[in-house]
Amino acid sequence: MRESDSHALGEAVEVVNREGTSPVLLLCEHASSNIPARYNGLGLRDEDRLSHAAWDPGARAVALHMAQALDAPLVASRVSRLVYDCNRPPEAASAMPEKSELVAVPGNFGLSEAERQERADTVYVPFCTTVTEVIEARKKAGLQTVLVTMHSFTPVYFGKQRDVEIGILHDADSRLADAMLAEAPALPHRRVERNEPYGPADGVTHSLKLHGLAHGLANVMIEIRNDLVATPEQEEAMAEEMLTLLRPALAALAAEGGPDA
């Protein structure tokens, strides 16, 4: 995978290695802290613009390492989740939150229907359309596909320390999650848990349902505690750890009849 394999599609979305032939399609909905100028910084304090409230630190970097190692395509949002969270449907309040944990977002207070629609049209729709286009192109090319969405989470949430280090999340289809969790003993130094620190009841599996279940694709959401991906070296090492879980899981699914069977 070369640098030229990464293409920005407008300001909202980038596709890396579109022609990758791996069964894996990687998504990173919270890849960027960028707030387009028209939103005037959402009224955020400077320290909040780069905090975990605005994006998932380390998630895109880990996903890029995985894309290169697997020869997999990656679709990533280029806009902060505080402008629009591409892992939420437009009707969800959390798609454009007025508050994220302890961070108030003044630019999201009292949005009109027209303002909400503008954000959905310019951030969410391009992201979703691009994911669908990549999936459909892979189907036409005869490539099997599994969906893997990459995220990171803060070690301390509302003042409470989180002990989980790696979360393997799923919704109704747990095939890929089950197969990855079966490989967790290969990472004895990590605390790996199912549907932690979030799960379907928290509304975090929107992408899995929209882009995975709706297309009949095996799917999984990976959550990495962001203090474990705070440096380039940690990001690369964590990508290798995720591949330690993912590669044998893909082989197990293939042995059962294919990842999207």
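Considering Leu82, Leu74, which residue is on the phi < 0 side of the Ramachandran plot, surrounded by 16 or more Cβ atoms within 10 Å (Cβ to Cβ) and more than 14 Å from the chain's Cα centre (by Cα)? Can you show your working first?
Working: Leu74 fails: more than 14 Å from the chain's Cα centre (by Cα).
That would be Leu82, the only listed residue that is on the phi < 0 side of the Ramachandran plot, surrounded by 16 or more Cβ atoms within 10 Å (Cβ to Cβ) and more than 14 Å from the chain's Cα centre (by Cα).
Identify the residue in segment 183-211 that is farther than 26 Å from Ala95 by Cβ and out of contact with any Ser or Thr (no Cβ under 9 Å at 6 or more places or on another chain) and, among all such residues, is surrounded by the most Cβ atoms within 10 Å (Cβ to Cβ). Outline the logic, then answer.
The first filter runs over segment 183-211 and keeps only residues farther than 26 Å from Ala95 by Cβ, leaving 183-193.
Pick out the ones that are also out of contact with any Ser or Thr (no Cβ under 9 Å at 6 or more places or on another chain) and you get 184-185, 188-193.
On the way: Ala184: 17, Pro185: 8, Pro188: 7, His189: 6, Arg190: 18, Arg191: 14, Val192: 20, Glu193: 17.
Looking at residues that are farther than 26 Å from Ala95 by Cβ and out of contact with any Ser or Thr (no Cβ under 9 Å at 6 or more places or on another chain), I get Val192.
Does segment 103-123 include one or more residues that are touching a strand residue (DSSP E or B) at 6+ places or on another chain (Cβ under 9 Å) and closer than 20 Å to Leu26 by Cβ? Scanning segment 103-123 turns up at least one residue that is touching a strand residue (DSSP E or B) at 6+ places or on another chain (Cβ under 9 Å) and closer than 20 Å to Leu26 by Cβ.
Residues in segment 161-211 that are of a type in the set (S, T, N, Q) and part of a helix (DSSP H, G or I): Ser207 only. When Leu64, Leu25 are checked against the criterion of being in contact with a Pro (Cβ under 6 Å, 6 or more places away or on another chain) and among the aliphatic types (A, V, I, L, M), a single residue qualifies: Leu25.
Take segment 22-42 and flag every residue that is touching a helix residue (DSSP H, G or I) at 6+ places or on another chain (Cβ under 8 Å) and more than 25 Å from Asn226 (Cα to Cα). Break it down into steps so the answer makes sense when it comes.
Residues of segment 22-42 that are touching a helix residue (DSSP H, G or I) at 6+ places or on another chain (Cβ under 8 Å), as a first pass: 22-33, 35, 39-42.
Within segment 22-42, Ser22, Pro23, Tyr39, Asn40 meet the criteria.
Within segment 98-108, restricting attention to residues that are touching a residue at least 12 places away in the same chain (Cβ under 8 Å) and under 14 Å from Gly41 (Cα atoms), the residue that is surrounded by the fewest Cβ atoms within 10 Å (Cβ to Cβ) is Pro106.
The residues of segment 146-167 that are within 16 Å of the chain's Cα centre (by Cα) and more than 17 Å from Ala59 (Cα to Cα) amount to a single one, Val146. Among the residues of segment 150-164, just one is more than 22 Å from Cys86 (Cβ to Cβ) and in contact with a helix residue (DSSP H, G or I) (Cβ under 6 Å, 6 or more places away or on another chain), namely Pro155. Of Thr129, Thr149, Thr122, all but one fail to be outside any helix (DSSP H, G or I), of a type in the set (S, T, N, Q) and either at negative phi or modelled with pLDDT under 95 (or both); the exception is Thr149.
In this structure, does Lys160 turn out to be out of contact with any Asp or Glu (no Cβ under 8 Å at 6 or more places or on another chain) and modelled with pLDDT under 95?
Against the criterion (out of contact with any Asp or Glu (no Cβ under 8 Å at 6 or more places or on another chain) and modelled with pLDDT under 95), Lys160 qualifies.
Scoring Asp260 on the criteria (1) over 20 Å from Asp71 (Cα atoms); (2) modelled with pLDDT under 95; (3) surrounded by 15 or more Cβ atoms within 10 Å (Cβ to Cβ) leaves a single failure, condition (1).
Of the residues Leu44, Leu70, Leu102, which single one is at pLDDT below 95 and in contact with a Gly (Cβ under 9 Å, 6 or more places away or on another chain)? Every option except Leu102 fails the conditions. The single residue among Leu228, Leu250, Leu246 that is modelled with pLDDT of 95 or more, within 19 Å of Leu187 (Cα to Cα), among the hydrophobic types (A, V, I, L, M, F, W, C) and surrounded by fewer than 21 Cβ atoms within 10 Å (Cβ to Cβ) turns out to be Leu228.
Would you say Glu223 is under 22 Å from Asn87 (Cα atoms), at pLDDT 95 or above and either polar (S, T, N, Q) or assigned to a loop (DSSP other than H, G, I, E, B) (or both)?
Details: under 22 Å from Asn87 (Cα atoms): yes; at pLDDT 95 or above: yes; either polar (S, T, N, Q) or assigned to a loop (DSSP other than H, G, I, E, B) (or both): no.
Spelling it out, it is not the case that Glu223 is under 22 Å from Asn87 (Cα atoms), at pLDDT 95 or above and either polar (S, T, N, Q) or assigned to a loop (DSSP other than H, G, I, E, B) (or both).
Filter segment 173-230 down to residues that are among the hydroxyl-bearing types (Ser, Thr, Tyr) and within 17 Å of Ser152 (Cα to Cα) and give me whichever is nearest to the chain's Cα centre (by Cα). The selected residue is Ser207.
The values are calculated or read from the model by the stated rules, or taken from the named source; none is laboratory data. On a predicted model such as this, the values are computed, not experimentally measured, just so you know. Glycine also receives a Cβ, built like all others from the backbone with ideal geometry; neighbour counts cover every protein chain displayed.
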